[in-house]
Amino acid sequence: VAQLSAAGAAAPARALAAGRLGAVLHDQGRVDPAMRQYFAALQEELEPVVQGGAATEETYEVLQDMALGQRGLGSDEAALETVEGVLTMQKKQKAVEEAENTEVKDLALVRSLARSLTFGAELLRGSGHPDKALKWAKQARELLLEAAGKAEDPDALEVLNVIGSAEAALGHGPEAYKAWEEAQRVAHAVGERGETLAAVQFNMGNQLLQEKRYEQAVGLFEKSLALEQELGASTPADSAATHFAIATALKHTTRTQEALRHAETAASAGAAAGAELARYKQLLTQLQKQASVVEA
C-alpha cells in the first residue's frame, strides 16, 4: 500500500491493495489493524460514489468485510447498520441497472447483494429477530438461484444454514431440518468441506436430539466433530460443546461408557468452556452415577 501511494498509483489500485491487506489481517485475527485498512480503502472507493458514480464490487466487498470486523469487535449493532447501508446502495444500483438494460443482469452485483443479505440475516438471528432474519435469508437464496441458475452454488451453503437456524429459532423444527439437509446436499455437490458444513451437521444433530432421535443425532455430531478436527479450525470451546452434545445424546442410549468419555473431554476444557463449564460438569457427574449403577 505504501509503495503504491509513493509511486502515485491510481486510487482504485490503492483501494484494492488496502482492502486486500485488511482481509489478510482479518484472517490472522488482527481485527483493529484490519479495520484501519478497510477505512483507508473506503476513503478511496467511496469518493466517486459521493460524486454520483456507481460503487464497484470491491467497494461492497470492503464494506462487507468492515461489517465482519465490527462484529469481531463485539459491535453487532454497528455491523448491522453497515450491512443495511450496503443493502440500500446495492438495491438502488440494481434497480438503476435493470431499468437501463433489461436484457443483461449484473450477476456480480446480484451475488454481492445475496452475501449482504445473508450476513445481515445472521446478525438479525443472533440479535433475536429470527422472523426478519428468515425473510432476508430467503431473499438471498432467491438471488443466488437467479445468479447461478441452479441450487448447487457454494454460497447457498451459508444461506441455507442461516435459513435453518432462523426456522429453528421460530420453532419450525421440520422446516429447519429440511433447510440443513439441503445445505448438506449442496456442500456434497460442490465438494465443500469447511466450517459451515460442520456447523450444519451440528445443527442437524441438535434438532434430532430435541426430537429424541438419539442415535441419529450422535452420528451427525460425530461427523461434525471429525470435520472440525480435520480442519483444525475449532476453538477449545467449540470442541467442548460438540463433545457435550455427543455425551448428552449418548446418555439416552446404552452406550454409557462412550457418553462418559465425551463428557470428561467436555469438562476438561476448563476455563475455555466459559459459563457452559457448570453444565458440562453436571452432566459428567450424572453419567458417573449412571455408569456406577450399570456396573453394579
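Within the range 184-194, is there a residue that is in contact (Cβ under 8 Å) with a residue 12 or more places away in the chain, under 18 Å from GLU122 (Cα atoms) and in contact with a Leu (Cβ under 6 Å, 6 or more places away or on another chain)?
no
Looking only at residues in the range 148-167 that are among the charged types (D, E, K, R) and open to solvent by less than 20 Å² (accessible area, probe 1.4 Å), which one is farthest from LYS105 (Cα to Cα)?
Among those that are among the charged types (D, E, K, R) and open to solvent by less than 20 Å² (accessible area, probe 1.4 Å), it is GLU167.
Can LYS223 be described as over 16 Å from the mean Cα position of the chain (by Cα), free of Cβ contacts under 8 Å to residues at least 60 places away in the same chain and not in a helix (DSSP H, G or I)?
Judged against the criteria, LYS223 is not a match.
Look through the range 249-296, keep the residues that are touching a Leu at 6+ places or on another chain (Cβ under 9 Å) and farther than 22 Å from GLY205 by Cβ, and return whichever of them is least open to solvent (accessible area, probe 1.4 Å).
Selected residue: ALA291.
Can you name every residue in the range 168-188 that is open to solvent by less than 20 Å² (accessible area, probe 1.4 Å) and over 15 Å from ALA199 (Cβ atoms)?
GLY173
Could you please find all residues in the range 76-93 being surrounded by fewer than 18 Cβ atoms within 10 Å (Cβ to Cβ) and either in contact with a His (Cβ under 9 Å, 6 or more places away or on another chain) or farther than 16 Å from THR56 by Cα (or both)?
Passing the criteria: ASP76, GLU77, ALA78, GLU81, GLU84.
Yes or no: LEU25 at pLDDT 70 or above and surrounded by 14 or more Cβ atoms within 10 Å (Cβ to Cβ)?
The answer is no for LEU25.
Before we move on, is THR118 in contact with a helix residue (DSSP H, G or I) (Cβ under 6 Å, 6 or more places away or on another chain), part of a helix (DSSP H, G or I) and free of Cβ contacts under 8 Å to residues at least 24 places away in the same chain?
Here the answer is no, as THR118 does not meet what is asked.
Checking the condition closer than 25 Å to HIS243 by Cα, modelled with pLDDT under 95 and not in a helix (DSSP H, G or I), which residue from GLU152, GLU192 passes?
None of the others qualify; the one that does is GLU192.
Residue-by-condition table, conditions (1) at pLDDT 70 or above; (2) within 24 Å of the chain's Cα centre (by Cα):
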site	(1), (2)
VAL1	no, no
GLN43	no, no
THR59	yes, yes
VAL62	yes, yes
GLY69	yes, yes
GLU98	yes, no
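Go through the range 250-277 and report how many residues are assigned to a loop (DSSP other than H, G, I, E, B) and basic (Lys, Arg).
The qualifying residues number 2.
Tell me, please, whether a residue that is of a type in the set (D, E, K, R) and buried (at least 18 other Cβ atoms within 10 Å of the Cβ) can be found in the range 202-216.
no
Out of all the residues in the range 91-116, which are in contact with a Leu (Cβ under 7 Å, 6 or more places away or on another chain) and under 20 Å from GLN70 (Cα atoms)?
LEU113, ALA114, SER116
Here is a list: LEU145, LEU124. Which entry is surrounded by 21 or more Cβ atoms within 10 Å (Cβ to Cβ) and in a helix (DSSP H, G or I)?
Every option except LEU124 fails the conditions.
The values are calculated or read from the model by the stated rules, or taken from the named source; none is laboratory data. In this text, all values refer to a predicted model and were calculated from it rather than measured experimentally. FYI the Cβ positions are ideal-geometry reconstructions off the backbone, even for glycines, and counts take in every protein chain you see. Calculation scope for accessible area: heavy atoms of the full protein, side chains included, ligands and nucleic acids excluded. Shrake-Rupley method; radii C 1.70, N 1.55, O 1.52, S 1.80 Å.
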